[in-house]
Amino acid sequence: MTAAPVSRRTRRTRLRPDWVWQLRQGSALVFVLWFAVAVPLVIVGLLVEPRWVGWLVLVWFLALVLFTLAMRLADVRLRRAWVDMAEQLGWEVDAGGPAVLERWPFPPFTTDPAAEVFDVIAGRHRGRELLTGRFRHKVGSRQLGFDFLDLAVDRPLPPLQVLPASLAPVAAASLLPISLRVEGLSSPYLLFNGREDLAGEVLHPRAVEALAQVPPFGFSCEGRRFVLILPAYRDTDTALAQLDAACDLLDLMPEHVWQAGEQWLATRPL
């Protein structure tokens, strides 16, 4: 089956996904950046005109407040856009629950017992059932997260986790990745779980052609679970384009990869 062309406009961010998450979530990183600028402001103020130090700190504090409010407003607008999109497509909003996490008994979904999912939407696209939302977990000392997209597959797949390097800080399943040589993709890709030869077969030229048209994303799969790992806070146009690219990736999956999945599943205990 040939890949369907992706014609939707997409937006690519230059910030790392882990930094975007921390800025949008109002984490300690925001306050660290605030103090990193505030301290030089105070020093310069004391050297130039001490009477203005208080005003400089006040103005910079107001900038922090305005930034926080702007992030909250952006979150409200983005969630409204997702709800509107889901309603137009006939998808179900707030379709998740604690049981959603049980769908993925493999990393990165199993590394933090306190992990949670939220803003879950269920639907159907190009003949495949889907479940998408946001995943939050602890990575080291940081609370990080990403968007997920679970697509139904009819046959089992072998264990694999392939990520663009930019998503490794938020979703890596291991600490010792293998670098994949993939021509045609702007971002370097890493293999965190599974066989290198199978990952190379998944990322064949026609699949790369579909992936190259959208912002980078990764995936984890095992058995009858295929889950995309995507940067959080995507606009709906980007999300729909990546959904099409993911469907293309499955439609173009080589038969040998499906056979490897069936062989792997046959060796698993019942």
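The values are calculated or read from the model by the stated rules, or taken from the named source; none is laboratory data. Everything numeric here is computed off the predicted structure, so don't read it as measured data. Cβ coordinates were reconstructed from backbone atoms using ideal geometry, including for glycine residues, and neighbour counts include every protein chain displayed. Protein only, heavy atoms only, side chains kept; ligands, DNA and RNA dropped before computing areas. Shrake-Rupley method; radii C 1.70, N 1.55, O 1.52, S 1.80 Å.
Can you spot a residue in region 208-215 that is surrounded by fewer than 22 Cβ atoms within 10 Å (Cβ to Cβ), closer than 23 Å to Ala115 by Cβ, free of Cβ contacts under 8 Å to residues at least 40 places away in the same chain and among the hydrophobic types (A, V, I, L, M, F, W, C)?
Checked region 208-215: no residue is surrounded by fewer than 22 Cβ atoms within 10 Å (Cβ to Cβ), closer than 23 Å to Ala115 by Cβ, free of Cβ contacts under 8 Å to residues at least 40 places away in the same chain and among the hydrophobic types (A, V, I, L, M, F, W, C).
Taking region 38-48, which residues are more than 23 Å from Gln25 (Cα to Cα) and either modelled with pLDDT under 70 or within 41 Å of the chain's Cα centre (by Cα) (or both)?
Those that are more than 23 Å from Gln25 (Cα to Cα) and either modelled with pLDDT under 70 or within 41 Å of the chain's Cα centre (by Cα) (or both): Val39, Pro40, Leu41, Val42, Ile43, Val44, Gly45, Leu46, Leu47.
Have a look at Ala232, Ala260 and point out the one that is farther than 18 Å from Ala165 by Cα, touching a residue at least 60 places away in the same chain (Cβ under 8 Å), of a type in the set (Gly, Ala, Ser) and buried (at least 18 other Cβ atoms within 10 Å of the Cβ).
Answer to the selection: Ala260.
Does Arg51 fit the bill of being open to solvent by 90 Å² or more (accessible area, probe 1.4 Å), touching a helix residue (DSSP H, G or I) at 6+ places or on another chain (Cβ under 9 Å) and modelled with pLDDT of 70 or more?
When the stated conditions are applied, Arg51 passes them.
Kindly provide the set of residues from region 62-112 that are crowded, with 16+ Cβ neighbours inside 10 Å, among the small types (Gly, Ala, Ser) and part of a helix (DSSP H, G or I), ordered by number.
Of everything in region 62-112, just one residue is crowded, with 16+ Cβ neighbours inside 10 Å, among the small types (Gly, Ala, Ser) and part of a helix (DSSP H, G or I), namely Ala86.
Within region 115-157, considering only strands (runs of 3 or more DSSP E) that don't extend past its boundaries, which have at least 1 residues that are open to solvent by less than 10 Å² (accessible area, probe 1.4 Å) and charged (D, E, K, R)?
Answer list for region 115-157: 142-151.
Please go through region 76-108 and give me each residue that is under 18 Å from the mean Cα position of the chain (by Cα) and without any contact (Cβ under 8 Å) to a residue 60 or more places away in the chain, ordered by number.
Answer for region 76-108, where residues must be under 18 Å from the mean Cα position of the chain (by Cα) and without any contact (Cβ under 8 Å) to a residue 60 or more places away in the chain: Arg79, Gly96, Val100, Leu101.
Only residues that are among the β-branched types (Val, Ile, Thr) and at pLDDT 95 or above: list them for region 150-177, please.
If the condition is that a residue be among the β-branched types (Val, Ile, Thr) and at pLDDT 95 or above, then Val153, Val162 are the ones that fit.
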